[in-house]
Amino acid sequence: MERLKAALDKARETRAATAAPAPASGARPEPAANPARRGAGQAGAVAGAVRGPQAAGSGAAPSTGPSTGSSGAVEAAWADIQKSEIDTRRLVKRRLISFGRQAEATAFDVLRTKVLQLTGANGWKRVAITSPLPGSGKTTTSINLAVALARQVDLRIILIDLDMRRPAVARSLGISGKTGVAPVLEGRESFGRQARRLGDNLAVAMNFAALRDPSDLFLRARTSEVLDEIEATYRPDLILFDMPPLLVNDDASAFLRNVDCALMVAEAGATTISQVDVCEKELAEQTNVLGVVLNKCRFFSDGYYRYYYAYGDD
């Protein structure tokens, strides 16, 4: 983990040293990010290591729930989301360990605390979770982090599966259904009817079939409007988005203007420093970089529960 951090620091210094001043004309335009979602600029990053093999727009406005404004309306909106019962014992085999009190879940508890500290300090609510390439464990990380956050009973957490070409959240949780997230973003279905509630304070919007070209959907103004409506109706403390890998297609880049920050998941022994550097640069051009999680670590230290943690600032 220290080698990864040192290499990233060196890459950032190199980029800063070689960056040329922007020309007076013909300069690359600023990304089309919503200024309200950009926050206060680049803040301290969270970096961590998790051991294990995979710990890893048209249409009418939807009726997203009761009218917003009062706490009673928000509670009623959450209560109206269909609750799904899941067998948490079976989920452990899928490396979804945050549902129980296993010692292994401590790594995600530490990640949860750091995420809450940084998002709270900067007023960020929407967190994209991505990776350079497939197989890094970003979906497993997204679910475990969402569940760890939701174990704080005073928080409301929403997790939305936006890796629409290869959706994995529903399969990982063992939940079946027909209507995916696309009709919600298009305004043809309400979030309250599409999502499932796990417990009292975690809502998950999932996909049950692949979508061919989600980047077209992500670029629509209606998508941004729907996300604002969901946030206004359900008043979540954090919304996590399980995004597609950044280096595979333009899906994640098309959506990043809708988030406040992004967390990158790198696979130990597979993701290269160059890939992490390219992804970090791409993320930084469009949103705030929350940090990097080094996943699938297979080494130990003398830390708690034989897990290795290394957290540092940029």
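The values are calculated or read from the model by the stated rules, or taken from the named source; none is laboratory data. The structure displayed is predicted, hence computed values, not measured ones. Counting neighbours? That spans all protein chains shown, and the Cβs are built from the backbone with ideal geometry, glycine included.
A compact table of results
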| quantity | calculated |
| --- | --- |
| Residue count, the stretch 240-258 (criterion: surrounded by fewer than 20 Cβ atoms within 10 Å (Cβ to Cβ) and of a type in the set (G, A, S)) | 0 |
| Residue in the stretch 229-252 that is closer than 25 Å to G135 by Cβ and small (G, A, S) present | yes |
| Criterion: surrounded by 18 or more Cβ atoms within 10 Å (Cβ to Cβ) and more than 14 Å from the chain's Cα centre (by Cα) - qualifying residue of E225, E229 | E229 |
| Pairs where the first residue, in the stretch 217-242, is more than 19 Å from D163 (Cα to Cα) and the second is surrounded by fewer than 20 Cβ atoms within 10 Å (Cβ to Cβ), C-beta under 6 Å, 6+ apart | A232/T68; T233/T68; R235/V74; D237/L155 |
| Checklist (1) more than 17 Å from N207 (Cα to Cα); (2) part of a helix (DSSP H, G or I); (3) under 16 Å from the mean Cα position of the chain (by Cα) applied to A107, failing item | (3) |
| Unique match (being surrounded by fewer than 20 Cβ atoms within 10 Å (Cβ to Cβ) and part of a helix (DSSP H, G or I)) among R188, R171, R165 | R171 |
| Extreme residue, surrounded by the fewest Cβ atoms within 10 Å (Cβ to Cβ), among residues of the stretch 123-132 that are of a type outside the set (G, A, S) and touching an Asp or Glu at 6+ places or on another chain (Cβ under 8 Å) | K125 |
| Condition met for R28 (of a type in the set (D, E, K, R) and modelled with pLDDT under 85) | yes |
